[in-house]
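Beneath this line is the structure, given in structure tokens, with notes to follow.
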Amino acid sequence: MTLTCPICKVQNAESEDWCNECGWLLSQKAPGSSVQDEGNIDDELDFKAFLILPERGSVGLKKIRTVIGREFGDIQIPDDLNISRIQLALVAENGGLYVEDLRSSNGTLLNGVKIPPGRRYLLSTGDVITAGDSALKVEFKGLDKEGEESPGLYLVDEEGTKSRLRQGDNTVGRLPLNTVTLEDCPYVAREHAVLSLELAPSGLNFLYLTDLGSSNGSFVNQKPVPAHTRIRVHPGDEITFSDVTFRLIEIMKEED
């Protein structure tokens, strides 16, 4: 009987504690993994996800969890010596695609901002992930058009500008790695809050707000939200991040 390394997929003798190829402790799972990660990405996403690689063009993602590294993983970039042997993972869950740094030596950047290891960030089409000296562009195909008439939940600011919320964890804050970016709002925290859009077994979408311990707080209908506490919000509610206020609206699908 042999043991398959979860990192490099090399077969090792059952008596081995460490992988002979990459040195991974065989009793440990791959970082950031779960039992469902070997499934097909189409089971999690209703759009097609691609990664545009330097000098290699567009690569379609097929697995729920895609590992990228210099020597090991599903996508390898061997010519970039500043990428770790195991750098990052792209994970499809709850209808969205996330990036997670796997404790790489030089870190991973999302839209120019370094992300903390072990934490997943929801990706949008056009996002740029930087690993080592390589810029990897994210591209989605088959998404519903995100015009004003597309069905879904939206944040509407005081000027009437709509920001559509996507399935999964929509982060809100000043940094450009956030799903909803408020760069010109000095009293909003760098990573202020999360709006989690979840599909219930009934088929209905539920939205939850979590303040991430911001200095100036989050509010629903002018009532403060306790830090790190999930609060359900509904269409028509007024949501405020520090001094920036939105109205949550829902655009319904037109009947045929």
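The values are calculated or read from the model by the stated rules, or taken from the named source; none is laboratory data. Predicted model only: the values in this text are computed from it and were never measured. Don't worry about glycine lacking a Cβ; one is built from the backbone with ideal geometry, like all the others, and counts go over all protein chains shown. Surface accessibility is based on the protein's heavy atoms, side chains included, excluding ligands, DNA and RNA. Shrake-Rupley method; radii C 1.70, N 1.55, O 1.52, S 1.80 Å.
A few remarks follow.
- Options 174, 120; residue that is modelled with pLDDT of 95 or more, open to solvent by 30 Å² or more (accessible area, probe 1.4 Å), under 25 Å from residue 213 (Cα atoms) and charged (D, E, K, R): 174
- Selection from segment 86-101 of residues that are crowded, with 21+ Cβ neighbours inside 10 Å and either of a type in the set (A, V, I, L, M) or assigned to a loop (DSSP other than H, G, I, E, B) (or both): 86, 87, 88, 89, 90, 91, 92, 97, 99
- Any hit, segment 73-83, residues being touching a residue at least 24 places away in the same chain (Cβ under 8 Å), charged (D, E, K, R) and in contact with a helix residue (DSSP H, G or I) (Cβ under 9 Å, 6 or more places away or on another chain): no
- Among the residues of this structure, residue 203 does not count as one that is more than 19 Å from residue 116 (Cβ to Cβ), surrounded by fewer than 20 Cβ atoms within 10 Å (Cβ to Cβ) and in contact (Cβ under 8 Å) with a residue 12 or more places away in the chain.
- Candidate set from segment 46-72 (those that are outside any strand (DSSP E or B), more than 18 Å from residue 124 (Cβ to Cβ) and open to solvent by 30 Å² or more (accessible area, probe 1.4 Å)); member that is modelled with the lowest pLDDT: 55
- Screening 137, 145 for residues that are open to solvent by 50 Å² or more (accessible area, probe 1.4 Å) and modelled with pLDDT of 90 or more leaves exactly one candidate, 137.
- Residue selected from segment 182-200 under the condition in contact with an Asp or Glu (Cβ under 8 Å, 6 or more places away or on another chain) and open to solvent by 20 Å² or more (accessible area, probe 1.4 Å), by the criterion nearest to residue 253 (Cα to Cα): 185
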